[in-house]
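Colleague: Sending over a structure as structure tokens; questions will come in a sec.
The values are calculated or read from the model by the stated rules, or taken from the named source; none is laboratory data. Here the structure is a predicted model, which is why all the values come from computation and not from measurement. Using ideal geometry, Cβ is built from the backbone for each residue, glycine included, and neighbour counts are taken over all protein chains shown. For the accessible areas, the whole protein counts, side chains as well, though only heavy atoms, and no ligand, DNA or RNA atoms are used. Shrake-Rupley method; radii C 1.70, N 1.55, O 1.52, S 1.80 Å.
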Amino acid sequence: MSDPLNLLDLDRAAAEALVVRLGARPFHGRNLIKWLHKHGVLDVTQMTDLPQGLRTALQQQTRVHLPEVVFTQPALDGTTKWLLQLPDDQRIEMVHIPETKRGTLCVSSQVGCALDCSFCSTAQQGFNRNLSPGELIAQVWLARHQLGKQLTNVVLMGMGEPLANFTAVVRAINLMTDDLAYMLGQTRVTLSTSGIVPALYRLRTASNVGLAVSLHAPDNALRDQLVPINRKYPLEQLIPACRAFVADDKRRKVTWEYVMLDQVNDTPEQARQLVRLLSQVPSKINLIPFNPFPGTRYRTSSPERILAFQRRLQQAGFITTIRKTRGDDVAAACGQLVGKVQDRSRRQQQRAQATA
Ligand code: SAH
């Protein structure tokens, strides 16, 4: 027999469908969502406005599973990294990044990642599995119910490639933005992707979230090496897909993430190439100082090189920011999230064999 349904896996539409199947009216499904997410009540017996018969059926046929918080680790700058344990002993990380007027939660979408970007430590851990919608939204549940109003924004920028876990991610986004649940405006939820082109087109029809794209190189030859999914979906496919994503709203822009790797992608010529590449897309560029991790062959560009690169892009008219490195003393910064992936040893073994 399969495991009973986890109520946290349901978005509004799925909750309505479930309660109808159990003989109740759709609005009880909406109330169920409110109890779980707005009020944070996970015990069905306490959901006093659901009919008794529905409560009994839910109790018998479903469960609510929240990951266990293994620990929370505060960094010196106020950032907190959380290590969460899933029922099959997999572990994922999430990070809360407080700023003066907002607090951003960076959530994971997969245990590990399959994409193997050469500068990312999550990639080194290999891929284990997708998170369920309930495991995705549980991260927001935990943060909201512990941090309250300090949580104003969510970025899908933790471990994993969100567009490779499409259905679960869309369900979780539905809950993040639902008035019955977390009420985050669509501009307050940002999905970061390495550029899975068909899924980008699908996402546009499913949701209106902010889009960040891990670009990291201005040409295919270099991007093939840094972000290997580029071999499947090269820039001539990626750029039009991103342009289409923001096309029907003049206020929307694609945020391009560009990790600054010393002498690899940070030259004046590469800045010029980037300007040409992005000239037809409403863009913001976010330069990310590379966060090192054990065993990496890359170094971060010097502050002078990053500033010079930024100036070139700004002079060409692009809004260009430099991402502040947060939480790096507890390895909570971009590309440093590793959780604990069961098959870590497998990829490390393959690497060792490949270089032997
Ligand atoms: N797979 C998605 C979501 C991960 S987002 C994506 O690729 O966008 C994590 C962001 O941090 C991405 O832009 C990623 O490229 C960047 N990143 C990864 N490793 C990094 C590192 N070591 N230093 C700085 N940024 C890194």
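Colleague: Rank these residues by their accessible area, most exposed first, probe 1.4 Å: Lys34, Lys250.
Modeller: Ranked list, largest accessible area first: Lys250, Lys34.
Colleague: Output the antiparallel fraction of DSSP beta bridges having both residues in the chain, as a percent to the nearest 5.
Modeller: 45 percent
Colleague: Kindly sort Cys117, Cys242 by accessible area of their heavy atoms, largest first, with the probe set to 1.4 Å.
Modeller: Descending order: Cys117, Cys242.
Colleague: Something else: Do any trypsin sites (Lys or Arg not before Pro) in the range 35-134 lie in a DSSP loop with no more than 11 other beta carbon atoms within 10 Å, and if so, which?
Modeller: For trypsin sites (Lys or Arg not before Pro) across the range 35-134 that sit outside H, G, I, E and B with at most 11 neighbouring Cβ atoms in 10 Å, the list reads Lys101.
Colleague: For the chain, count all C-alpha to C-alpha pairs, find those more than 26 Å apart, and express that count as a whole percent of the total.
Modeller: Values: 32608 of 63190 pairs.
Above the 26 Å cut-off, the chain has 52 percent of its Cα pairs.
Colleague: Between Lys149 and Arg63, what is the label-point separation in nm under the 7 Å Cα-to-beta-carbon projection?
Modeller: It is 3.7 nm.
Colleague: I've got another one for you. Please calculate the 1.4 Å probe accessible area of Asp224, with all protein chains present, and give it to the nearest 10 Å².
Modeller: Surface accessible to solvent at Asp224 totals approximately 40 Å².
Colleague: Lone cysteines in the chain, defined as no other cysteine's Cβ under 4.7 Å from theirs: which are they?
Modeller: Cys106, Cys113, Cys242, Cys334
Colleague: Would you work out the relative contact order for the range 281-344, in percent, from Cα pairs under 8 angstrom that are 6 or more residues apart?
Modeller: In percent, rounded to a whole number, it is 40.
Colleague: Next question. Can you send over the carbon and sulfur percentage of the accessible area for the range 5-63, probe radius 1.4 Å, protein chains only? Intermediate values should be presented prior to the final figure.
Modeller: Working: 1370 of 2810 Å².
Exposed carbon and sulfur together represent 49 percent of the surface.
Colleague: Right, something else. How big is the Cα convex hull of the range 5-63 in projection, averaged over all directions, in nm²?
Modeller: Mean projected area of the Cα convex hull: 3.2 nm².
Colleague: Helix-only estimate, please: 222 nm mean residue ellipticity of the chain, summing -39500 (n - 2.57) across DSSP H runs of length 4 or more and dividing by its residues, to the nearest 500. Write down the numbers at each step before the final one.
Modeller: Working: 12 runs with 123 residues, N = 356.
Taking each H run of at least 4 residues, the total per residue is -10000 deg cm²/dmol.
Colleague: Would you mind working out the magnitude of the charge dipole of the range 68-355 relative to its Cα centre, with +1 at each Lys and Arg C-beta and -1 at each Asp and Glu C-beta, to the nearest 20 Debye?
Modeller: Once rounded to the nearest 20, the dipole reads 540 debye.
Colleague: What number comes out for accessible area per residue over the chain if the probe is 1.4 Å? Units Å², please.
Modeller: Computed with neighbouring chains in place, this is 45 Å² per residue.
Colleague: What order do His28, His145, His39 take when sorted by accessible area (1.4 Å probe), most exposed first?
Modeller: Solvent-accessible surface, decreasing: His39, His145, His28.
Colleague: Work out how much length Thr167 to Glu304 would gain on full extension: take 0.36 nm times their residue separation and subtract the Cα-Cα distance, in nm to one decimal.
Modeller: 45.1 nm
Colleague: Any idea what the relative contact order of the chain is, in percent, if you count C-alpha pairs under 8 Å spaced at least 6 apart?
Modeller: The value is 17 percent.
Colleague: On the protein heavy atoms, probe 1.4 angstrom, tell me the percent of accessible surface of the range 152-272 carried by carbon and sulfur.
Modeller: Details: 2250 of 4450 Å².
Result for the range 152-272: 51 percent of the exposed heavy-atom area is carbon or sulfur.
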